[in-house]
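Enquirer: So that we are looking at the same thing, I have put the structure below in structure tokens.
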């Protein structure tokens with residue numbers, strides 16, 4: 001089954017404790033992306049990746065890091081989480097560089113930073 | 001990246017056709033128009049995409065006038081399960097992937113029994 005998986009689905013942590021949210025897709029997609037969703041602000045793109053070792057900033061990259069060492073994986077790293085990073089996070093991937101807009105989304109990770 | 005404007009919310013009765021219009025006055029030549037649907041606490045789901053005129057699939061139709069400054073997503077005979085947020089996106093399909101994707105705040109459709 002074609003899918004984008006994220007782990008963990010729910011996470012409660014404390015300020016400053018480094019964490020990683022994993023994202024994996026089994027569709028051999030080139031384009032992958034991370035979004036955060038907050039009430040009243042909609043979905044905002046954090047980072048995206050066009051291929052292995054190629055990443056770029058989205059609209060809200062501050063406080064986040066990403067890496068793309070393998071085509072299927074695109075982890076989101078919060079080196080020192082803060083309460084304003086409490087949010088619902090989505091990972092997504094799309095078929096190719098010619099169409100970054102036809103994206104498959106993961107189920108989401110709900111993060112709470114205390 | 002072209003900015004989009006959509007109504008914040010809409011209500012419709014079951015069985016009616018719903019049309020959601022998105023304005024994108026600054027759309028560029030290489031930009032395509034894409035629509036997504038999102039249910040609460042789920043990731044968005046791709047619905048339909050087009051460049052000009054009309055596109056139809058099993059879920060919806062997308063109408064794009066000649067000047068492409070707006071587009072209309074049409075949902076035929078909506079049911080309660082169509083209650084969701086609908087997003088219009090506009091972006092360059094020829095960017096080679098070097099393209100931010102901006103969703104905006106979308107249109108919240110409430111279907112009433």
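Only the coordinates and a few stated rules stand behind these numbers; no lab work does. Since the model is a prediction, treat every value here as computed from it, not as a measurement.
Enquirer: Any idea what the relative contact order of the range B:26-79 is, in percent, if you count C-alpha pairs under 8 Å spaced at least 6 apart?
Expert: It rounds to 24 percent for the range B:26-79.
Enquirer: What is the antiparallel percent of DSSP beta bridges lying wholly in the protein assembly as shown, to the nearest 5?
Expert: Just about 90 percent of them are antiparallel.
Enquirer: While we're on this one: According to the Cα gyration tensor, what semi-axes, each the square root of 5 times an eigenvalue, does the equivalent ellipsoid of chain A have, listed from largest to smallest in whole Å?
Expert: 22, 14, 13
Enquirer: Sticking with this structure for a sec: In percent, how large is the relative contact order of the range A:1-97, given Cα pairs closer than 8 Å and 6 or more residues apart?
Expert: 36 percent
Enquirer: Rounded to the nearest 5, what % of DSSP beta bridges with both residues in chain A are antiparallel? It would help to have the intermediate numbers written out before the result.
Expert: Values: 35 of 39 bridges.
Rounded to the nearest five, the antiparallel share is 90 percent.
Enquirer: Hey, another quick one. Quick check on chain B: of the DSSP beta bridges with both residues there, what percent are antiparallel, nearest 5%?
Expert: 85 percent
Enquirer: Three principal axis extents, largest first, for the C-alpha atoms of the protein assembly as shown, in Å?
Expert: 50, 40, 34
Enquirer: Further question: Relative contact order of chain B: what whole-number percent is it, with Cα pairs under 8 angstrom and at least 6 residues apart?
Expert: Values: 278 pairs, mean separation 40.9, N = 113.
Rounded, it is 36 percent for chain B.
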